[in-house]
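The values are calculated or read from the model by the stated rules, or taken from the named source; none is laboratory data. Please read all numbers here as calculations on a predicted model, not as lab measurements. Cβ placement follows ideal geometry from the backbone for every residue including glycine, while neighbour counts extend to all protein chains displayed. Surface areas here come from the heavy atoms of the whole protein model, side chains and all, with no ligands, DNA or RNA. Shrake-Rupley method; radii C 1.70, N 1.55, O 1.52, S 1.80 Å.
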Amino acid sequence: MPHLSKDDVHTALAANRDLASRLQKVSACDGHVRVTMAQPAGSNPQAGEIARAGAEATIRRHAAESGLGIETLQVVLVEAEGAAAGASSTGERPTVNQPAGVPLKQASSSKTVTEGSTASGSGLPGIQHVIAVGAGKGGVGKSTVSVNLALALARKGHSVGLLDGDIYGPSAPTLLGLDGMEVQLHQNMLQVFNVHGIKCMTIGKLVEPDKPLIWRGPMAHGAFKQLVEQTAWGELDYLIVDLPPGTGDVPLSMSQMMKLSGAVIVCTPQKVAQDDAVRAIRMFQQLSVDVLGVVENMSYFIGDDGKEYDIFGRGGAEMMAQRMGLPFLGAVPINMALRENSDNGDPSANFEDEKSPIAKAFTKLSQNIENEVALATMRSGRTTLSVS
Ligand code: ADP
């Protein structure tokens, strides 16, 4: 059965003027549909809930009548100032070619307000939640977790961006298979790569691939700032930022530039990795960034015999999280297919079999992170109202 598409949602709601006027954003991927409806500030919450429930019922009825499948459907109310902004469009078509291998250009203006952007929780126009993914040291799987977390959130129907902020060693071009693609500029804005159901920007496509990237203090700040502010992200539910390993200039720049929903720390089970992770956690806490929790990567290995082997001492990162009073967000096993799919730039393959240990691990991780983000949003007293 074909899946319900974004256009189908627009068609379903177009017939009802109230619902159509509240409609802000639709994302749909493989039947995972998310619809954002506006709740004008100060308007009757009950009327909003009725509209939300009405939209959900209308979409389900349309899908049933048209023979279209829905895997998951989330209809969410978002408090908006004044009237609903109408459906947004993220389908800008870039026209100017910017070849890879040129230095980053200076922005003529740092203004990034895009048409149709809504009030955001992050301080960046149109972006609700920014989640930083950090690690105490390199090689623990921070980028692998960032990419697969982004895909898992997108498969739930969220609109997701991935900012490869590891300006010293960008890995998104390899992990997402961006070979042969070039960055496009449109109206002085970098156009995202739309791949695997997510939007991505990486410095790896803006500088020569084989030159080492030696950014120091202010340069690192400038490069990161340009990546964030000069990218046409459009509307995003989540922007995942893959940070450079360790503690350094980029997390500091980031915390100054935007309001983060929180940071996720990736760690392997070994003691040495934990010590570095604790330093990264303390850094975020000093920057007043909420640490959402810890992910244990390369936690265990599942052999051909189906048995689980605790190669690096499974549970080490979980115990560290406990000691630090932080949530444990989940464990990702060592997996050959995950490594191969990463090297081949095909992370979608990790999700082909929903029952595979890797798909299950990342889906669970994304659920736990969504929950922690919701809690962090409540703690920080932000106004986004989510009813689903
Ligand atoms: P980091 O971003 O922390 O430097 P990467 O995500 O680039 O680390 O991962 C380093 C290497 O380890 C990559 O080759 C990646 O494919 C591999 N890798 C990461 N996590 C796993 C895992 N759970 N199972 C198998 N290989 C993994």
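Below, the figures for the structure above:
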{"read-out": "Helix 217-229 axis, angle to the chain major axis (alpha carbon atoms, nearest 10°)", "value": "30"}
{"read-out": "Overall form of the stretch 289-345 per C-alpha gyration tensor (a/c, 1.5; a/b vs b/c)", "value": "oblate"}
{"read-out": "Extension gain (nm, one decimal) between His3 and Val272, 0.36 nm per residue minus Cα-Cα", "value": "92.2 nm"}
{"read-out": "Solvent-accessible area, 1.4 Å probe, carbon plus sulfur percent, for the chain", "value": "51"}
{"read-out": "Degrees separating the helix 45-66 axis from the principal Cα axis of the chain, which is the longest one", "value": "90"}
{"read-out": "Solvent-free Debye scattering, log10 I(q)/I(0), computed from the Cα coordinates of the stretch 167-319 at q = 0.11, 0.14, 0.18 Å⁻¹", "value": "-0.54, -0.85, -1.21"}
{"read-out": "Virtual spin-label span in nm between Met181 and Asp305, 7 Å along Cα→Cβ", "value": "4.2"}
{"read-out": "Rough spin-label spacing in nm, given labels placed 7 Å along Cα→Cβ, for Ala20 and Ser43", "value": "1.6"}
{"read-out": "Percent of beta bridges antiparallel (DSSP, the chain, rounded to nearest 5)", "value": "25"}
{"read-out": "Accessible area per residue in Å² at 1.4 Å probe, computed on the chain", "value": "45"}
{"read-out": "C-alpha center-to-center spacing [the stretch 172-199, the stretch 269-311] in angstrom", "value": "29"}
{"read-out": "The stretch 286-388: C-alpha gyration tensor shape, a/c 1.5 cut-off, then a/b vs b/c", "value": "oblate"}
{"read-out": "Too-long pairs where the Cα-Cα distance tops 22 Å, listed order kept, from Lys137/Lys364; Lys142/Lys199; Lys199/Lys225; Lys156/Lys360", "value": "Lys137/Lys364"}
{"read-out": "Viscosity 1.306 mPa s, 10 °C: Kirkwood-radius Stokes-Einstein D of the stretch 118-380 over Cα pairs, µm²/s", "value": "87"}
{"read-out": "GNM flexibility winner over the chain from Lys205, Lys355, Lys259 (Cα, springs under 10 Å)", "value": "Lys355"}
{"read-out": "Sum of -39500 (n - 2.57) over DSSP H runs of 4+, divided by residues of the chain (222 nm, nearest 500)", "value": "-10500 deg cm²/dmol"}
{"read-out": "Helix 357-379 vs. the chain, principal-axis angle (Cα, 0 to 90°, nearest 10)", "value": "70"}
{"read-out": "Under 16 Å from Lys271, Cα to Cα: aspartates and glutamates that are on another chain or at least 8 residues apart", "value": "Glu296, Asp310, Glu318"}
